[in-house]
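Engineer: Dropping a structure here in structure tokens format, bear with me for questions.
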Amino acid sequence: MISPDEYLRSLESINLETHSRCNMEVEHKCECPIVERSAKYGNFILSMEVMLSLFEELSAQDYKGLTGFHHYSEPMA
């Protein structure tokens, strides 16, 4: 069995969701699971402090993969 440290080092990429809103919720005229989830649990924005902490932890674990910022599979420009 592979250890958590070995697993982390083997990853090629990690993608972070930066907020919980759907950028198409106005256009979606049907029931969107993202909008329903936000209505139930509220919305969040991933804070800079959390992102910096994550990067520090990844660096300490010798993570060499790519990191992407995404919002429901849409890369932020």
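Engineer: So how many residues does the range 28-67 have that are part of a loop (DSSP other than H, G, I, E, B), of a type in the set (A, V, I, L, M, F, W, C) and out of contact with any Asp or Glu (no Cβ under 8 Å at 6 or more places or on another chain)?
Structural biologist: Residues that pass the stated criteria total 2.
Engineer: Just to verify a result, which residue in the range 1-44, among those that are over 30 Å from E57 (Cα atoms) and among the charged types (D, E, K, R), is farthest from the chain's Cα centre (by Cα)?
Structural biologist: K29
Engineer: Does V50 count as at pLDDT 90 or above, out of contact with any Lys or Arg (no Cβ under 9 Å at 6 or more places or on another chain) and exposed (fewer than 13 other Cβ atoms within 10 Å of the Cβ)?
Structural biologist: Answer is yes for this residue.
Engineer: Something else now. Within the range 28-43, can one find any residue that is at pLDDT below 85, among the β-branched types (V, I, T) and surrounded by 11 or more Cβ atoms within 10 Å (Cβ to Cβ)?
Structural biologist: yes
Engineer: Which residues, counting only those in the range 13-27, are surrounded by 13 or more Cβ atoms within 10 Å (Cβ to Cβ) and assigned to a loop (DSSP other than H, G, I, E, B)?
Structural biologist: T18, S20, R21, C22
Engineer: Among (1) polar (S, T, N, Q); (2) in contact with a strand residue (DSSP E or B) (Cβ under 9 Å, 6 or more places away or on another chain); (3) surrounded by 10 or more Cβ atoms within 10 Å (Cβ to Cβ); (4) closer than 19 Å to G65 by Cα, which single condition is S10 missing?
Structural biologist: That leaves (2) as the condition not met.
The values are calculated or read from the model by the stated rules, or taken from the named source; none is laboratory data. Just so you know, these numbers come straight off a predicted model, no measurement behind them. We place every Cβ from the backbone using ideal geometry, glycine too, and count neighbours over all the protein chains shown.
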